[in-house]
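*Asks:* One structure, as structure tokens, below. Some questions next.
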Amino acid sequence: MKVIGSDFDGTITTNKVILDSTRKAIKKFRDNGNVFVIVTGRSVPKFKEGIEKYNIDFFDYVICANGSI
């Protein structure tokens, strides 16, 4: 098993959208038994807004506000 942590804004999102190729790559990574973690400086409420706005369903764990929450 492998674990990848990725920033959210400007990394998963490109020009304020999530590319289909990004979604497919993360899905394939997770389908192979790996863990995908979103690491963001956003607060939990702001991250929840992002989940809804970008229709995000492709993470296993989240670290918000630089790990302070």
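*Asks:* Run the accessible area of the chain with a 1.4 Å probe and give the carbon-and-sulfur part as a rounded percent.
*Replies:* On the way: 2460 of 4690 Å².
With neighbouring chains kept in place, the figure for the chain is 52 percent.
*Asks:* Something else: For the stretch 1-42, what is the accessible area per residue in Å² when the probe is 1.4 Å? Please report the intermediate quantities before stating the final value.
*Replies:* Numbers: 2740 Å² over 42 residues.
Averaged over the residues of the stretch 1-42, the accessible area is 65 Å².
*Asks:* Given points 7 Å out from each Cα along the Cα-Cβ axis, report the Tyr61 to Glu49 separation in nanometres with one decimal.
*Replies:* Those two pseudo-labels are separated by 2.7 nm.
*Asks:* Short version: what are the Cα gyration tensor semi-axes of the chain, square root of 5 times each eigenvalue, largest first, in whole Å?
*Replies:* Numbers: eigenvalues 69, 47, 18 Å².
They are 19, 15, 10 Å, listed largest first.
*Asks:* Restricting to the chain, what percent of DSSP beta bridges are antiparallel, rounded to 5?
*Replies:* Values: 1 of 8 bridges.
Of the beta bridges lying entirely in the chain, close to 10 percent run antiparallel.
*Asks:* Hey, got the dipole for the chain? About the Cα centre, +1 on K and R Cβ, -1 on D and E Cβ, debye to the nearest 20? Please report the intermediate quantities before stating the final value.
*Replies:* Numbers: 11 positive and 8 negative charges, 20 e Å.
Dipole of the chain, to the nearest 20 debye: 100 debye.
*Asks:* Here is a follow-up. What does the charge count around Gly50 come to, taking other residues whose C-beta lies under 11 Å from its C-beta (Lys +1, Arg +1, Asp -1, Glu -1)?
*Replies:* On the way: positive: Lys16, Arg42, Lys46, Lys48, Lys53; negative: Asp9, Glu49, Glu52.
Within the 11 Å Cβ shell, the charges total +2.
*Asks:* Subtracting the Cα-Cα distance from 0.36 nm times the residue separation, let me have the gained length for Phe29 to Asp9 in nm, one decimal.
*Replies:* Details: separation 20, 0.36 × 20 = 7.20 nm, distance 2.00 nm.
Gain on stretching Phe29 to Asp9: 5.2 nm.
The values are calculated or read from the model by the stated rules, or taken from the named source; none is laboratory data. Not measured: the values here are computed from a predicted model. With ideal geometry, Cβ positions are generated from the backbone for all residues, glycine too; neighbour counts draw on all protein chains shown. Only protein heavy atoms, including side chains, enter the accessible area calculation; ligands, DNA and RNA are left aside. Shrake-Rupley method; radii C 1.70, N 1.55, O 1.52, S 1.80 Å.
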